[in-house]
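First up is the structure itself, then whatever we jot down about it.
The values are calculated or read from the model by the stated rules, or taken from the named source; none is laboratory data. Just so it is clear, the structure is predicted and the values come from calculations on it, not from any experiment. FYI the Cβ positions are ideal-geometry reconstructions off the backbone, even for glycines, and counts take in every protein chain you see.
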Amino acid sequence: MASTKTFVNCEKIDILFFDIPYSNLRRFGNEISKHLKAIEGNVSIGGIFCKAPPKNYDGCVFDSLFLRKDIKNIDLFFEKYHVQMLVLTNPRVPDQELMLHAKKHHIKIVMLQEGIIFKGTNINDVSTKNILSIFGKISSLAKTLKYLKILHRMCKYDKKSYIGLLKKILSEKINITLITAEYFSEKLNANFMYTMGHYWDSYFIDSLGYSESQLVLIGDHDLDGFEEPRKIENAICYVANVLVEDGTIKKKDFLEFVGFLEKSIDKTTKLYVKLHPRSDIKLYKALNDHNVTFLRHEALPNVKVYIGHRSTLLGRALYISDQLMLWRFKSEDICFYEKFASAVCTNMAELASAIDNSISKEHSNEKRIIIEDYYWWNKNGAFNTCAKHIHAYLKGEISSEK
């Protein structure tokens with residue numbers, strides 16, 4: 001599978017995964033698919049993604065892959081490949097379009113909780129002060145217009161008023177997911193939601209309208225493969241988000257923070273920068289003269305001190321060390337992780353002081369007991385547990401009736 005093009009190696013698709021970037025499809029769908037193939041080798045698995053394909057598909061276990069733009073008619077696609085199940089990781093507009101069509105075809109739908117989803121941290125829970133902020137604080141006009149086009153297409157398909165939907169979004173000023181999920185003739189919820197921890201149950205039940213029986217606890221997928229650290233390195237790890245890359249934070253504000261980080265960490269102190277798969281490494285060039293190691297696909301290192309913003313990976317960090325420092329940008333609301341942080345910093349003096357204090361403290365991970373309710377460490381593996389449930393549901397061994 002070394003082609004730069006998408007490929008089709010099957011006449012039917014039992015289970016179809018969807019994500020916007022291929023990196024996410026690989027991170028979630030491909031890993032779950034490995035476990036599905038171990039359960040039943042001949043189960044047919046496909047994937048759809050939106051952005052340009054990578055240079056190669058080494059390690060990919062999908063039988064078929066498609067670019068979303070190449071699928072002109074979703075209904076005909078579902079019919080041609082006899083799709084039995086759709087697997088999603090987010091209730092974004094592109095995901096909801098596929099879900100709407102899948103509902104019409106009585107296709108089973110499941111969704112994986114990819115990350116934090118509640119007020120102040122969910123990319124869908126945003127201000128509606130202007131049309132450009134509706135969809136996840138997207139600064140790119142082209143991307144915003146693309147999402148608006150998808151909504152228009154959905155309304156036309158379902159014979160709903162597009163103008164009415166836009167008025168509803170602008171007037172109600174709530175999570176766009178809640179509006180779009182309720183607006184169409186079919187409620188745009190999955191049949192099952194795979195959750196990270198019991199803490200999130202109330203959000204899915206009270207805000208999104210899931211029943212308790214539709215929630216399946218699988219644990220935090222970022223903890224798959226986690227082992228109790230035998231040794232904690234006296235080092236600092238900055239856990240990156242794609243805040244600039246996604247248009248959430250202005251580049252100049254982020255570079256200012258990196259400059260503060262550069263000045264606050266001694267050049268002899270070991271520093272790791274755990275990049276997101278989509279991180280622009282050029283944003284961190286101010287740190288190049290430090291004792292720094294950049295990690296992208298490698299595991300989170302076991303260190304004494306972590307610095308971050310709102311990455312789901314910080315849940316794993318708290319399993320290792322209580323020394324978690326958060327940086328809050330001026331444009332950000334209070335972050336969920338602040339309740340677990342040893343320090344919340346908004347200026348350079350606070351950051352420098354917090355780093356000095358954390359380096360001198362003894363290591364502990366007493367907050368692990370609290371964090372387990374939010375990010376449960378499933379020792380059988382979150383992806384493995386998810387795959388087993390998906391397969392049982394596919395085979396009719398589990399019912400999704402409320």
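What to note about this one:
- Residues located in the stretch 347-402, provided they are assigned to a loop (DSSP other than H, G, I, E, B), surrounded by fewer than 14 Cβ atoms within 10 Å (Cβ to Cβ), out of contact with any His (no Cβ under 9 Å at 6 or more places or on another chain) and at pLDDT 90 or above: 347, 379, 380, 395, 396
Yes or no, residue by residue, for (1) part of a loop (DSSP other than H, G, I, E, B); (2) buried (at least 19 other Cβ atoms within 10 Å of the Cβ); (3) modelled with pLDDT of 90 or more:
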| position | (1), (2), (3) |
| --- | --- |
| 117 | yes, yes, no |
| 138 | yes, yes, no |
| 185 | yes, no, yes |
| 189 | yes, yes, yes |
| 193 | no, yes, yes |
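- The set of residues in the stretch 229-274 being assigned to a strand (DSSP E or B) and either more than 24 Å from residue 365 (Cα to Cα) or small (Gly, Ala, Ser) (or both) consists of 235 alone.
- Counting only residues that are among the charged types (D, E, K, R) and more than 22 Å from residue 312 (Cβ to Cβ), the stretch 329-380 holds 5 of them.
- Residues of the stretch 17-55 that are outside any helix (DSSP H, G or I) and farther than 22 Å from residue 277 by Cβ: 40, 41, 42, 43, 44.
- Restricting attention to the stretch 70-97 and to residues that are within 15 Å of the chain's Cα centre (by Cα) and part of a strand (DSSP E or B), the residue that is nearest to residue 20 (Cα to Cα) turns out to be 88.
- Subset of the stretch 306-328 that is touching a strand residue (DSSP E or B) at 6+ places or on another chain (Cβ under 6 Å) and aromatic (Phe, Trp, Tyr) - its residue that is nearest to residue 271 (Cα to Cα): 306
- Where a residue in the stretch 208-219 is without any contact (Cβ under 8 Å) to a residue 24 or more places away in the chain and assigned by TED's automatic domain parsing to the domain that holds residue 384 and its partner, wherever it lies, is surrounded by 18 or more Cβ atoms within 10 Å (Cβ to Cβ) and not aromatic (Phe, Trp, Tyr), with Cβ under 7 Å and at least six apart: 210/189; 210/193; 215/193; 215/195
- Residue among 334, 320, 355 that alone is touching a Pro at 6+ places or on another chain (Cβ under 9 Å) and of a type outside the set (Ser, Thr, Tyr): 320
- Selection count, the stretch 159-169, where residues are exposed (fewer than 14 other Cβ atoms within 10 Å of the Cβ) and hydrophobic (A, V, I, L, M, F, W, C): 1
- Residues (touching a residue at least 24 places away in the same chain (Cβ under 8 Å) and surrounded by fewer than 20 Cβ atoms within 10 Å (Cβ to Cβ)) located in the stretch 198-207: 198, 199, 203, 207
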